[in-house]
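Q: Encoded as structure tokens, here's the structure I'll be asking about.
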Amino acid sequence: MASTERDILRTELRWAVVVAGVVAVIIVVIVASSLAMALHPPSGVERIDPATLHLEGEFVEGNLGTQVGADGSVTARLVAAQFSFVPRCIAVPEDQRVTFRVTTPDVIHGFLVAGTNVNTMVVPGYVSQVSTTFNEAGDHLMPCTEYCGLGHSEMWNMVRVIPQSEWSPDENGRVTCEIPG
Ligand code: CUA
């Protein structure tokens, strides 16, 4: 009887070591990938009133799109709403850090730029911010990745990466683009 209990205890300890090993491997993978591949959760919590964001402040329609600041920083602002992103085409420069700032007046949407590490949720009441650098000119599809209603599958945008030689902000620091067709 006593030896059986000892056997059970030994088996339990053995499996506890196996589980601890698996957890350790998972932690190493998370830390290594976040350091080496810049995979990380979205930045700090920033609140916004979803009922008035179109009336005043940063996300009024005239302030959406890409803007180059006085310090040369590039910021692209978007509103995600059922069932489109505004504006539809986002122009960004090649080989330069770009910060996306996105919010929504209605429900949860997903913000993903295909082929990049840009992937975040857009939650009513909050501003989602994510930065990246595009190293190759060309178009990226930007689909909504969170089911947001009947028009979800039609909700997508384009991000157009423009070569430095063709990157020319206007007098207000604005750069726009259009989706052909
Ligand atoms: Cu917006 Cu799905």
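Q: Taking the radius of gyration and the Kirkwood hydrodynamic radius from Cα positions alone, what is the Rg/Rh ratio for the chain, to two decimal places?
A: Working: Rg = 22.5 Å, Rh = 18.8 Å.
With Rh from the inverse mean 1/r over Cα pairs, Rg/Rh is 1.20.
Q: Compute the separation of the alpha-carbon centres of region 5-80 and region 118-137 and state it in Å as a whole number.
A: Centre-to-centre (Cα) distance: 11 Å.
Q: Which of Gln82, Gln129, Gln164 ends up with the largest GNM mean-square fluctuation for the chain, with Cα atoms connected below 10 Å?
A: Gln164
Q: Helix 2-36 versus the longest principal axis of the chain: what angle, 0 to 90°, nearest 10, using Cα atoms?
A: In the chain, helix 2-36 runs at an angle near 20 degrees to the longest axis.
Q: Separation between the Val31 and Leu141 pseudo-spin-labels, each 7 Å from Cα along Cα→Cβ, expressed in nm?
A: Placing both labels 7 Å beyond Cα along the Cβ direction yields 3.8 nm.
Q: Another question, if that's okay. Counting each DSSP H run of 4 or more residues in the chain as -39500 (n - 2.57), what helix-only mean residue ellipticity at 222 nm follows after dividing by all residues, to the nearest 500 deg cm²/dmol? Walk me through the intermediate numbers first.
A: Numbers: 1 runs with 35 residues, N = 181.
-7000 deg cm²/dmol, from helical runs alone.
Since every read-out is calculated from the coordinates, none of them should be taken as a lab result. Note that the structure is a prediction, hence the values are computed from the model and not measured. A quick note on method: Cβ atoms are made from the backbone with ideal geometry, for glycine too, and the neighbour counts reach across all protein chains shown.
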